Amino acid sequence: MSTPLVSILMGSDSDANRLMTCFGQLEELGIPFEARVLSAHRTPAALVAYLGEADAKGIQVFLCAAGGAAHLAGVVASHTLKPVIGIPMDNPPLGGLDALLATVQMPAGIPVPTVGVGGGGPVNAALAAARILALGSPELDAKLVKFRKGMAEKVAIKDAKLQARLS
Ligand code: RP5
């Protein structure tokens, strides 16, 4: 197993299933990662201890997923100078608006760029991490170029199918 470059932190194991697309996207791009359940509220000391080790391990980007009163990404960002991307979880009863605002509305000085709530959020967090890492990796940059080309080709095929149905 290669040294992890991305750390995916989640506030609870109840977040894990909704992060599978994030794991899958990182795997597809060949980016080594690790994932941990660590909570800003329930395990504050363990979280801070982990962040102390993460730099030494070579973690370059943190992806932090939490729902409700989601302070995980902000707390992580306050303990590291590495990029931290927030992933608000779409939990009931408020559907993720609570987590979105808690994650994105950071005070000036501690940035937490945040992806959208729900479906595309975890995938986009993985792709955002990939773009950061690609700044120092021509190999990963080439994979992202290929990924985007593949996506455009899929859309062109879908459009051709729609045109065929309408003709
Ligand atoms: C947050 O509280 C977690 O990220 C999770 O989304 C939410 C609920 O956690 P559980 O009660 O399911 O463990 O900290």
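Considering only residues that are among the aliphatic types (A, V, I, L, M) and open to solvent by 50 Å² or more (accessible area, probe 1.4 Å), look in the range 101-113 and name the one that is farthest from Asn17 (Cα to Cα). Break it down stepwise before answering.
Initial filter on the range 101-113 (among the aliphatic types (A, V, I, L, M)): 101-102, 104, 106, 108, 110, 112.
Narrowing the set further to residues that are open to solvent by 50 Å² or more (accessible area, probe 1.4 Å) leaves 101, 104, 106, 108, 110.
Values: Leu101: 22, Val104: 22, Met106: 27, Ala108: 32, Ile110: 28 Å.
The residue in question is Ala108.
May I ask you to say which residue of Leu72, Leu47, Leu94 is within 19 Å of Ala125 (Cα to Cα) and hydrophobic (A, V, I, L, M, F, W, C)? Write out each step before concluding.
Details: Leu47 fails: within 19 Å of Ala125 (Cα to Cα); Leu94 fails: within 19 Å of Ala125 (Cα to Cα).
It is Leu72.
In the range 39-69, which residues are loosely packed, with under 13 Cβ neighbours inside 10 Å and at positive phi?
Listed by number, the list holds a single entry, Gly58.
For every residue, the table says whether it meets (1) in contact with a strand residue (DSSP E or B) (Cβ under 6 Å, 6 or more places away or on another chain); (2) among the small types (Gly, Ala, Ser); (3) in contact (Cβ under 8 Å) with a residue 40 or more places away in the chain.
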| site | (1), (2), (3) |
| --- | --- |
| Ala46 | no, yes, no |
| Gly52 | no, yes, no |
| Lys57 | no, no, yes |
| Leu81 | no, no, no |
| Pro92 | no, no, no |
| Leu97 | no, no, no |
| Gly109 | no, yes, no |
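Of the conditions (1) open to solvent by 60 Å² or more (accessible area, probe 1.4 Å); (2) out of contact with any Phe, Trp or Tyr (no Cβ under 7 Å at 6 or more places or on another chain); (3) within 16 Å of the ligand (Cβ to nearest atom); (4) not hydrophobic (A, V, I, L, M, F, W, C), Arg36 satisfies every one except a single condition; which number is it?
Every condition holds for Arg36 apart from (2).
Would you confirm whether or not the range 144-162 contains a residue that is closer than 21 Å to Pro83 by Cα and outside the structural domain of Leu63 (by TED's automatic domain parsing)? So that I can check it myself, show each step before the final result.
We begin by selecting, within the range 144-162, every residue closer than 21 Å to Pro83 by Cα; these are 144.
The next check asks that each one be outside the structural domain of Leu63 (by TED's automatic domain parsing); those that pass are 144.
Within the range 144-162 (the criterion being closer than 21 Å to Pro83 by Cα and outside the structural domain of Leu63 (by TED's automatic domain parsing)), the answer is yes, since at least one residue qualifies.
Would a scan of the range 94-107 turn up a residue that is modelled with pLDDT of 95 or more, more than 23 Å from Gly24 (Cβ to Cβ), within 16 Å of the ligand (Cβ to nearest atom) and part of a loop (DSSP other than H, G, I, E, B)?
Scanning the range 94-107 turns up at least one residue that is modelled with pLDDT of 95 or more, more than 23 Å from Gly24 (Cβ to Cβ), within 16 Å of the ligand (Cβ to nearest atom) and part of a loop (DSSP other than H, G, I, E, B).
Out of the residues in the range 9-33 meeting the condition of being within 12 Å of the chain's Cα centre (by Cα) and more than 12 Å from the ligand (Cβ to nearest atom), tell me which one is most open to solvent (accessible area, probe 1.4 Å).
Per the criteria, the residue is Met20.
Could you identify the single residue in Gly120, Gly116, Gly74, Gly86 that is within 27 Å of Asn17 (Cα to Cα), exposed (fewer than 13 other Cβ atoms within 10 Å of the Cβ) and in contact with a helix residue (DSSP H, G or I) (Cβ under 9 Å, 6 or more places away or on another chain)? Steps first, answer last, please.
On the way: Gly116 fails: exposed (fewer than 13 other Cβ atoms within 10 Å of the Cβ); Gly74 fails: exposed (fewer than 13 other Cβ atoms within 10 Å of the Cβ); Gly86 fails: exposed (fewer than 13 other Cβ atoms within 10 Å of the Cβ).
The unique qualifying residue is Gly120.
The values are calculated or read from the model by the stated rules, or taken from the named source; none is laboratory data. This one's a predicted model, so the numbers in the text were calculated from it and none came from an experiment. Don't worry about glycine lacking a Cβ; one is built from the backbone with ideal geometry, like all the others, and counts go over all protein chains shown. Just the protein is used for accessible areas: all its heavy atoms, side chains included, with ligands, DNA and RNA removed. Shrake-Rupley method; radii C 1.70, N 1.55, O 1.52, S 1.80 Å.
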